[in-house]
Amino acid sequence: MIRTILCTAALAVGLASSALAAGKVTLVYDQPLPNVPGKSMRGVLVEYEPGGSSPAHIHAKSAFIYATVLEGAIRSKVNDGQETTYRAGDNWSEYPGDRHSVSANASTTEPARLLAVFVVDTDETELTIFDDE
């Protein structure tokens, strides 16, 4: 229990520091998976202001991610795939080791929100690692 609280606190600090570059980022769910020892499911709400974006990044090496657009439209490019615009209700997955080179609000006038659901090692504290550019 204490370990879970400490890991959640460390994760929140890491998310807060990444929020400076990526809009508003909020951990909205954190639950160890009872049937998969050592793994947790974490939900992260990402909110972009009009024209907002995140720098290129990768996620924790153990992370499998399902993302869905809740509001607005998101431009996304993963690895060498083509840049795609996802609208509210659209979704995609990212696999361990994928590089997310574009993550941006597709609109300069409307906000956008997405929910990213991570399946990740429970002891992982840094979910997003920005490129050194």
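Note on region 110-121: residues that are of a type outside the set (D, E, K, R) and surrounded by fewer than 20 Cβ atoms within 10 Å (Cβ to Cβ) amount to 4.
Tally time: how many residues in region 46-59 are assigned to a strand (DSSP E or B) and closer than 16 Å to Gly97 by Cβ?
So the count comes out to 3.
Does region 78-115 hold any residues that are closer than 14 Å to Ser53 by Cβ, of a type outside the set (Val, Ile, Thr) and touching a Pro at 6+ places or on another chain (Cβ under 7 Å), and which are they? Listed by number, the residues that qualify are Asn105, Ser107, Pro111. Checking each residue in region 60-109 for being of a type outside the set (Phe, Trp, Tyr), loosely packed, with under 14 Cβ neighbours inside 10 Å and assigned to a loop (DSSP other than H, G, I, E, B) picks out Lys61, Asn79, Asp80, Gly81, Gln82, Glu83, Gly89, Gly97, Thr108, Thr109.
All of the numbers you see were taken from the coordinates with simple rules; none came from a lab. None of the values given here were measured: they were computed from a predicted structure. Ideal geometry is used to build each Cβ from the backbone, glycine not excepted, and the neighbour counts take in all protein chains shown.
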